[in-house]
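Worksheet for the structure shown next.
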Amino acid sequence: MSLFDYTLKELQDKLHNKEISVSDLVEASYARINEVDDQVKAFLTLNEEEAKEQAKQLDEQLGENPSILYGMPIGIKDNIVTKGLRTTCASQILDNLNDPLYDATVVEKLKEEKTVTIGKLNMDEFAMGSSNENSSYQKTRNPWNTDYVPGGSSGGSAASVAAGEVFFSLGSDTGGSIRQPAAFCGVVGLKPTYGLVSRFGLVAFASSLDQIGPITRTVEDNAHLLQAIVGQDKMDSTSANVDVPNYSEVINQDVEGLRIAVPKEYLQEGVNPEVRETVLEALKQYEELGATWEEVSLPHSKYAVAAYYLLSSSEASANLARFDGVRYGVRSEKADNMLDMFKLSRAEGFGDEVKRRIMLGTFALSSGYYDAYYKKAQKVRTLIKNDFEKVFEDYDVIVGPTTPTPAFKVGENIDDPLTMYANDILTIPVNLAGVPGISLPCGFSSEGLPIGLQIIGKHFDESKVYRAAHAFEKATDHHKKRPSLGGEA
Amino acid sequence: MAEISKDQVKHVANLARLALEEEEVEKMTKQLGDIINYAELLNELDTDDVEPTTHVLDLKNVMRKDEPKEWIKKEDALKNAPDEEDGQFQVPSILE
């Protein structure tokens with residue numbers, strides 16, 4: 001059994017009783033990375049020297065009442081800025097950003113909690129993708145079967161936790177980028193309500209949709225990690241001023257009488273029969289636990305993907321305008337005037353998918369097309385948001401699959417953007433509505449690949465989402481299974 | 001059916017400050033056309049009386065005092081620059 005098979009609480013007890021040290025945890029992390037990362041390829045940058053030094057200091061300073069995250073090895077998605085630690089967004093245009101000048105707010109908060117940053121995790125370039133095949137450095141593999149993708153864009157974040165390389169990680173989710181890879185890799189991933197977690201220092205993709213969130217092996221540990229990173233932040237004017245409950249306490253309430261809505265659109269054709277059956281089994285489990293469920297409709301679901309690609313690409317085209325080869329990042333050597341320098345630096349620095357989305361967004365925002373595409377998509381976003389609000393008048397949570405299928409093979413969808421986009425059909429509406437959603441393991445396909453259950457809540461009602469997830473996890477064993485990768489995980 | 005032409009793709013690429021090879025223009029014309037055609041799906045919906053959503057939370061303008069504060073120092077800001085001279089970012093000539 002690996003150290004990372006224990007829960008946070010168990011590890012903190014062990015730390016306190018001096019059965020283990022922070023150095024043991026950090027050594028275990030790098031030992032596992034050395035053992036399996038040539039197969040998994042989750043890490044872009046390691047922070048080994050600093051992390052081992054920090055572990056020594058934390059072992060010396062361990063006091064009476066440490067934070068519950070004290071000394072825990074964490075991996076950070078590479079679009080979250082870390083002071084002095086290379087941050088590339090898996091893009092060639094930031095290949096030389098070896099010495100970032102500040103920490104993202106979430107990273108500052110983790111430092112206060114005394115976690116140890118093990119390294120930076122691979123992703124689809126600028127978080128655009130669903131398979132990690134859009135990374136300009138390497139293709140992260142699914143630890144359950146390395147012929148398959150880990151999902152994306154937080155593929156490195158999910159795979160590193162599933163492979164036991166770190167205790168937990170942070171990802172970011174714009175249209176499913178935490179929940180989809182969590183589902184594919186059999187781990188727990190939460191996209192918080194828009195505004196719950198500061199986005200300061202998260203390299204912006206689509207500012208009205210992006211959220212940072214935790215990826216862990218258990219729901220309880222997920223709640224602990226979320227607790228550490230939430231809160232209003234002066235540096236992010238869209239972060240919300242809301243009362244935050246003690247998540248790790250509220251998750252222990254049972255689900256007796258919980259009213260679950262199951263959108264019929266989330267179990268329709270296009271959803272793989274094994275996935276559908278597994279989700280129906282999970283609903284039976286909820287019945288046994290005393291919850292009730294009914295079928296409902298989110299009638300505008302089929303428009304979500306189209307609206308999302310117009311809106312997120314439009315926002316991206318504006319956000320990515322900052323990468324111009326002037327202040328930081330890579331500059332083309334071929335240009336002899338300023339305009340060509342912009343154009344060539346961006347042409348050389350961005351990959352195909354990023355270029356495609358910048359082009360789509362620029363088109364949708366351009367004169368003569370703005371109303372027909374961008375504004376139209378914003379109006380459809382209102383309809384999708386209203387769908388959710390209507391269901392939440394009568395129900396506590398919405399439950400369905402996280403993805404229409406289990407993980408697909410590396411290379412299977414890469415040449416067809418529209419098929420790739422369809423992967424996110426069940427996660428995208430959640431970002432458009434700004435509500436919280438979690439994915440947790442609820443079973444395995446006949447090929448042994450994990451299947452994710454998605455639980456969606458009202459704005460700022462992470463408590464009920466966690467409560468429903470925790471009750472299911474306690475009643476089942478799916479989260480205890482480990483990939484057989486390179487021996488014992 | 002929405003059509004997008006190669007000239008439109010070149011125009012948009014210029015707006016986006018992206019140099020595209022002729023081959024990329026071909027491919028982008030086809031792929032953008034496909035995506036935009038797919039987006040035509042939204043026209044099934046009558047949205048005349050629907051307000052657009054720009055932001056999901058009920059947030060009004062968030063104001064703060066306009067006060068100078070310590071932030072990144074000039075020498076640090078220049079540390080990651082591709083080129084610098086005399087404490088400033090250096091770029092190629094703007095005028096021909």
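Please treat every number below as a calculation from the coordinates, not as lab data. Because the structure is a prediction, the values reported are computed rather than measured. When we count neighbours, we look across all protein chains shown, and the Cβ atoms used for this are built from the backbone with ideal geometry, even at glycine.
Remarks
- Here the Debye sum runs over all C-alpha atoms of chain A as equal scatterers in vacuum, and log10 of I(q)/I(0) at q = 0.09, 0.13 Å⁻¹ comes out as -0.55, -1.20.
- If you look at the Cα atoms of region A:126-189, you get an Rg and a Dmax of 10.0, 26 Å.
- Whole-Å distance, taken between Cα centres, linking region B:32-82 and region A:47-107: 27 Å
- In a reduced charge model with +1 at each Lys and Arg Cβ and -1 at each Asp and Glu Cβ, chain B shows a dipole moment near 460 debye about its Cα centre.
- Put in order of Cβ neighbour count within 10 Å, fewest first, the listed residues A:194, A:137 become A:137, A:194.
- Dipole axis of chain A (+1 Lys, Arg; -1 Asp, Glu on Cβ), positive-most option in A:197, A:305, A:402: A:305
- Positive-end residue, the protein assembly as shown charge dipole about Cα centroid, Cβ charges, pick of A:1, B:72, A:318: B:72
- Two-site label geometry, residue B:73 and residue B:3: point separation in nm, points 7 Å out along Cα→Cβ: 6.1 nm
- Rounded to the nearest 20 debye, dipole of the protein assembly as shown from Cβ charges on Lys, Arg, Asp, Glu: 460 debye
- In chain A, Cα pairs under 8 Å separated by at least six residues give a relative contact order of 18 percent.
- Global form of chain B, assessed from the alpha-carbon gyration tensor, a/c cut-off 1.5: oblate
- Distance-filtered residues of region A:293-317 - backbone nitrogen under 17 Å, label point 7 angstrom along residue A:259 Cα→Cβ: A:293-298
- Listed pairs A:376/B:10; A:264/A:302; A:139/A:355; A:120/A:355; A:18/A:56; A:234/A:390 exceeding 21 Å between Cα atoms: A:376/B:10; A:120/A:355; A:234/A:390
- For the pair residue A:352 and residue A:95, the difference between a 0.36 nm per residue extended length and the Cα-Cα distance amounts to 90.9 nm.
- Helix B:6-15 axis, angle to chain B major axis (alpha carbon atoms, nearest 10°): 30 degrees
- Cα centroid separation, region A:306-325 to region A:149-223 (Å): 21 Å
- Calculated [222 nm] ellipticity per residue, helices only, for the protein assembly as shown: -11000 deg cm²/dmol; basis is -39500 (n - 2.57) per DSSP H run with n ≥ 4, divided by all residues, nearest 500.
- Which of B:88, B:11, B:41, positive extreme of dipole for chain B (C-beta unit charges): B:88
- Distance in nm between pseudo-label sites at residue A:412 and residue A:1 (7 Å out along the Cβ direction from Cα): 3.4 nm
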